[in-house]
Structures are given as structure tokens and as C-alpha cells.
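To keep things clear, I will list the structure first and then write my remarks on it.
The values are calculated or read from the model by the stated rules, or taken from the named source; none is laboratory data. The structure displayed is predicted, hence computed values, not measured ones. Counting neighbours? That spans all protein chains shown, and the Cβs are built from the backbone with ideal geometry, glycine included.
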Amino acid sequence: MDTPVRTEIDPAAGVATVVLGRPDQRNPLSVNMMRGVTAALRTFADDESVRVVVIAADGPAFSAGHDLSEMIDRDIEDERVIFEVCTEMMDTVQEIPQPVIAAVQGPAIAAGCQLAASCDLVVASSNAVFGTPGVRIGLFCSTPMVALSRSVGRKRAMQMLLTGETIDAATAAEWGLVNIVAPPYQLDARVHELAARIAEASPLTLAIGKQAFYRQIDLPQDEAYELMTETMATNAVTFDAQEGMSAFLEKRKPLWKGK
């Protein structure tokens with residue numbers, strides 16, 4: 001059996017890609033698939049040549065969500081393992097130092113929608129759709145709800161969760177779930193254009209900024225400012241920050257050292 005996940009690296013661009021590789025099954029997030037994604041992300045996290053990570057998928061669907069065949073006739077401990085493995089994957093997306101872009105070429109449903117929502121940025125094909133239809137099969141999308149509600153807000157998340165209806169890519173962009181919508185034939189180009197733009201920055205600065213974003217986002221404003229004041233001061237004394245500010249003042253291109 002082929003591996004459910006494969007990886008690709010473009011060393012010149014500093015971009016690594018994790019590809020969901022079960023197109024014949026609409027890329028279900030089986031335990032194997034999720035563990036494969038997590039392992040790939042952790043490998044890239046330690047690779048200094050990788051500036052940006054893309055999560056993409058083979059075939060017409062991004063992911064139809066959990067592999068329901070793994071969830072029939074199981075006891076509660078077995079079910080817990082599935083969702084613990086899922087949570088570990090979603091957390092890893094946000095914990096690795098590199099920005100992660102979801103390249104969504106087709107339906108992103110249930111945990112597939114959760115995976116897209118967990119990524120730092122989402123570029124979607126205009127024919128992609130997003131949905132959390134678990135309510136229609138008796139299994140409310142409670143874990144997808146965590147990522148979804150943090151992307152689109154309470155009322156819109158509840159609409160998706162309670163009705164189980166999908167939204168198109170344009171609506172997902174309007175609601176804040178998607179950053180860029182592209183025609184299908186331009187999806188890869190737009191993803192790599194975005195990744196290349198991000199990869200121009202200092203990798204250390206990107207890592208500091210990504211970690212800081214998730215640390216402050218749910219804090220009260222006064223606590224967020226206190227934490228980010230220290231974060232920005234610490235960032236300012238790094239070599240790359242000093243180099244970047246000097247390069248700006250001297251009207252030259254900075255030379256990043258990642259320190």
C-alpha cells in the first residue's frame with residue numbers, strides 16, 4: 001500500500017509541501033494519515049532550509065474528514081485515540097516555526113475543514129467548498145468547531161455547524177476562513193507566490209511572529225500588550241532585526257542569519 005502522505009521540497013524557494021495522498025478515498029484523515037502529516041511537519045520544523053510549509057492534497061478533494069470506517073464498533077478509548085491524534089496534528093501545524101499554507105483545491109469537509117482552518121493561511125481554488133456536516137450523521141463536528149470558530153466567528157461557525165451546509169470559497173474568504181481565492185489553474189502559482197513572498201523574511205523573525213500571534217490572540221488586551229512588549233523587545237536585539245533595520249536605513253537588501 002502506498003504511503004498516505006508524501007513530502008516534496010523546493011530547496012531553491014525554501015518551500016516544503018506535505019501532500020495528502022489518498023485521492024481515491026477523498027483523502028480521509030485516518031490515524032495513519034494524521035500521524036504521517038504530524039511526522040512530516042516535525043521533520044520540516046528542524047530543517048533550517050525550509051522557510052514555508054504547504055499542506056496540499058492529491059485528487060479532486062482536499063479532505064473529506066475523518067475516516068469513518070475507523071470509528072465504527074470501537075470503544076471510547078479507541079475513539080479518544082483518533083481525536084487525540086487529530087488534535088496533535090492540528091497543534092503541530094501551529095507549533096512549528098514555519099508559516100503553514102493550506103492549498104485547498106477541492107472540498108474541505110469536517111476535519112478537512114478543521115485542517116485548513118488550523119493553517120496560518122489558506123489559498124483556495126474557486127471550486128473549493130468548506131463544511132462541517134457531522135450534525136447530519138449524528139456526530140457533531142466538535143473538534144473542527146475549535147479551529148472554525150477561531151477563524152469565522154461565533155454566528156457563522158454556528159450556522160455551518162448546526163446546518164451542516166457547505167460554503168463556497170468566495171464566502172469562506174468573506175467570512176475570514178480563506179485568504180486568497182484563485183481559479184483552479186492558478187492555485188499552485190498563487191500558493192507559491194505567497195510562499196515566496198513570506199520566505200523573503202528572516203526565518204527567525206517569522207518564527208517569533210508566528211509563536212507570538214498564537215500566544216496573544218485570546219488574551220485580554222492588557223495582557224497581550226504586556227506579553228508582546230517583551231516579545232518585541234527581545235526580537236529587536238536579535239541579529240536579524242538589527243540587520244533588517246540597518247539595511248532599511250542604508251537602502252540595501254538585508255542578509256539574514258537566522259539568529
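What are the residues in the stretch 142-156 that are more than 18 Å from the chain's Cα centre (by Cα) and surrounded by 15 or more Cβ atoms within 10 Å (Cβ to Cβ), if any?
156
Of the numbered conditions (1) buried (at least 18 other Cβ atoms within 10 Å of the Cβ); (2) not in a helix (DSSP H, G or I), residue 240 fails exactly one; give the number of that condition.
The single condition residue 240 does not satisfy is (2).
Could you list, in sequence order, the residues of the stretch 191-209 that are buried (at least 17 other Cβ atoms within 10 Å of the Cβ) and touching a strand residue (DSSP E or B) at 6+ places or on another chain (Cβ under 9 Å)?
Answer for the stretch 191-209, where residues must be buried (at least 17 other Cβ atoms within 10 Å of the Cβ) and touching a strand residue (DSSP E or B) at 6+ places or on another chain (Cβ under 9 Å): 191, 192, 194, 195, 198, 199, 206.
Going through 225, 185, 214 one at a time, which residue ends up being closer than 17 Å to residue 102 by Cα and either outside any helix (DSSP H, G or I) or of a type in the set (Ser, Thr, Tyr) (or both)?
Matching residue, one of 225, 185, 214: 185.
Quick test for you: out of 43, 92, 17, 87, pick the one residue that is surrounded by 21 or more Cβ atoms within 10 Å (Cβ to Cβ), β-branched (Val, Ile, Thr) and in the same structural domain as residue 188 (by TED's automatic domain parsing).
The match here is 17.
Restricting to the stretch 104-138, count the residues that are out of contact with any helix residue (DSSP H, G or I) (no Cβ under 8 Å at 6 or more places or on another chain), in contact (Cβ under 8 Å) with a residue 40 or more places away in the chain and either more than 13 Å from residue 65 (Cβ to Cβ) or not in a helix (DSSP H, G or I) (or both).
Residues flagged as out of contact with any helix residue (DSSP H, G or I) (no Cβ under 8 Å at 6 or more places or on another chain), in contact (Cβ under 8 Å) with a residue 40 or more places away in the chain and either more than 13 Å from residue 65 (Cβ to Cβ) or not in a helix (DSSP H, G or I) (or both) within the stretch 104-138 amount to 2.
Which fully enclosed strands (runs of 3 or more DSSP E) of the stretch 1-94 have 1 or more residues being of a type outside the set (A, V, I, L, M, F, W, C)?
Details: elements: 5-10, 15-20, 52-57.
The qualifying strands (runs of 3 or more DSSP E) are 5-10, 15-20.
Name the single residue that is surrounded by the most Cβ atoms within 10 Å (Cβ to Cβ) among those in the stretch 165-182 being over 18 Å from the mean Cα position of the chain (by Cα) and in a loop (DSSP other than H, G, I, E, B).
Among those residues, the one meeting the criterion is 166.
Being assigned by TED's automatic domain parsing to the domain that holds residue 107, acidic (Asp, Glu) and without any contact (Cβ under 8 Å) to a residue 24 or more places away in the chain is the requirement here; does residue 70 meet it? Give the derivation first.
Values: assigned by TED's automatic domain parsing to the domain that holds residue 107: yes; acidic (Asp, Glu): yes; without any contact (Cβ under 8 Å) to a residue 24 or more places away in the chain: no.
In short, no.
Listed here are the residues, each with its yes/no results for (1) closer than 30 Å to residue 216 by Cβ; (2) touching a strand residue (DSSP E or B) at 6+ places or on another chain (Cβ under 6 Å); (3) charged (D, E, K, R).
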| residue | (1), (2), (3) |
| --- | --- |
| 51 | yes, no, yes |
| 60 | no, no, no |
| 72 | no, no, no |
| 78 | no, no, yes |
| 84 | yes, no, yes |
| 90 | yes, no, no |
| 104 | yes, yes, no |
| 116 | yes, yes, no |
| 126 | no, yes, no |
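Under 13 Å from the mean Cα position of the chain (by Cα), closer than 30 Å to residue 186 by Cβ, surrounded by 24 or more Cβ atoms within 10 Å (Cβ to Cβ) and in contact (Cβ under 8 Å) with a residue 60 or more places away in the chain: does that describe residue 53?
So residue 53 fails the test.
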